[in-house]
Amino acid sequence: MADWAYGARPGSQAGQPSAARQPRWSPRWWWGGCAWDSFAMPHLLQDEPDVLVATRCPACDTPHAWVVGRGAPPQGDQVAHFLIPMHRAWDDVVHTCGNQRLFCSRDCVDTWLERTGQERGYVMDLGTLWRLARDWYTGRLDSGYTRRDLASATAYFAEVGLHGSFWGLSD
């Protein structure tokens, strides 16, 4: 299941996810195809101070939801697991994004990896995911936006606390 980001409103209840529908309880809602994009929504959408991100753990199917805002990372012991190293991310971006998932814990990541036969990618806490998402898409909605070059991307990864060859950085 993909991660969903909804414009959060006090007292609102999430309905069926849809990228285009505007429900009565919220003026807008967006689909975040991966954990990274979902946590980026409040930073990208200046008219929304926070969003509701909802998903299920891929290992045990436990539902999770966080109100993600611009001021600070959401609370929680959950983790994000990114399966595909950044130097291969654009080989198949749909597969890459489809495997940037939120889990209950590192134990759930291990269970999922064992069940799917995948190798461990990169595991981070919610605070690190939030820092990664915070400024990654700065300017993305502006006319003439261009994707970060390799040097600025790796510098950004280091700045937000990532490390290791997965990100093109030293250990």
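The values are calculated or read from the model by the stated rules, or taken from the named source; none is laboratory data. Please read these numbers as outputs of a predicted model, since none were measured by experiment. Cβ placement follows ideal geometry from the backbone for every residue including glycine, while neighbour counts extend to all protein chains displayed. Quick note on the areas: whole protein, heavy atoms, side chains included, nothing else; ligands and nucleic acids left out. Shrake-Rupley method; radii C 1.70, N 1.55, O 1.52, S 1.80 Å.
For the range 107-171, divide the Cα radius of gyration by the Kirkwood radius and give the resulting Rg/Rh value with two decimals.
Here Rg/Rh amounts to 1.07.
How do 126, 52 rank by accessible surface area computed with a 1.4 Å probe, from largest to smallest?
52, 126
Accessible area per residue of the range 77-148 at 1.4 Å probe, in Å²?
Heavy-atom accessible area per residue stands at 57 Å².
For 134, 101, write out the residues from largest to smallest accessible area, computed with a 1.4 angstrom probe and no ligands counted.
Result, largest first: 134, 101.
Expressed as a whole percentage, what fraction of the accessible surface of the range 103-143 belongs to carbon and sulfur atoms when a 1.4 Å probe is rolled over the protein heavy atoms?
Here it works out to 41 percent.
Which part of the range 84-104 falls in the paramagnetic zone of residue 60, meaning amide N under 15 Å from the point 7 Å along Cα-to-beta-carbon?
Counting backbone N atoms under 15 Å from the label point, the list is 102-104.
Please give the solvent-accessible surface of residue 137 in Å², to the nearest 10, using a probe radius of 1.4 Å with every protein chain present.
Surface open to solvent at residue 137 totals about 50 Å².
Take residue 153, project a point 7 Å from its Cα along the Cβ direction, then tell me which residues of the range 59-94 have their backbone nitrogen under 17 Å from it.
Only 82-94 fall inside the zone, counting backbone N under 17 Å.
At a Förster radius of 45 Å, what calculated FRET efficiency corresponds to the Cβ-Cβ distance of residue 171 and residue 145, to the nearest 0.05?
Computed FRET efficiency for residue 171 and residue 145 comes out at 0.90.
Quote the accessible area belonging to residue 154 in square angstrom, nearest 10, computed with a 1.4 Å probe and with ligands, DNA and RNA left uncounted.
30 Å²
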